[in-house]
Structure formats: C-alpha cells, structure tokens
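Please treat every number below as a calculation from the coordinates, not as lab data. What you are looking at is a predicted structure, and each value in this text was computed from that prediction instead of being measured. Please note: Cβ atoms are built from the backbone with ideal geometry, for glycine as well, and neighbour counts cover all protein chains shown.
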Amino acid sequence: MNLQQLENLCYDLLDSDDADTNALAALSDTELKLAYLDVLQQYGLELVCGAYEHSSWMGDLLMIGANEGPIKACAAAFLAILVEFERRGVSRPDAPQEQAR
C-alpha cells in the first residue's frame, strides 16, 4: 500500500458510514492482512520522520512535534483495519498462533 492508497483509504473511511461500503469491507482476508502490514510499516516510518524533524523528551515520554497529519492518518487507518479484523473475526498477521494440543 503506497501513500496515495493510504490517503484514499482515509478519505473513504471518513466518507463512509456504512461498513459494507467502505474500502476495507471490499478487501479479501489476505488483502486485509497485507494492508495491515503496509499501514503498520508506514505508521512506523511516519513516526520516525516526525521524531527526526522535531522531537524532545519530557520526562520518560518522547514528544513528537512534526509530521502530525500523516501520523494521525496512519493511526486512523490502523485502527480501522483492527476494527475490520474484529468485525470479521480474523486474526492479525502478527498475532500469536494458537498451538494445537
């Protein structure tokens, strides 16, 4: 998922009130898992960019003062994907697998 696709996903999520018409509902389980990994990677990159551009420590907390728009967009997309996993009853790709007994 590239930055343009992420942006389109965010706009689609903002415009859609119906779970059946949003972009995530149209994805297969495999595509949703790939989107999860892509958004997670992009989220991490946006956090790193924001921390690099302007950050400071306040006690034990790192305060990131730049790149807020892309960070918030990634956070929103990430949470929307988590909700879609929950709605479908599908496990995340990074979730621990249950061992057979």
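For this structure, a couple of remarks:
- Here the label points at Leu62 and Ser91, each 7 Å from Cα along the C-beta direction, are separated by 3.0 nm in the simple model.
- Rg over Rh [alpha-carbon atoms, Kirkwood Rh] for region 3-88: 1.05
- Charge context of Gly69, other residues only, Cβ under 14 angstrom, K/R +1, D/E -1: -3
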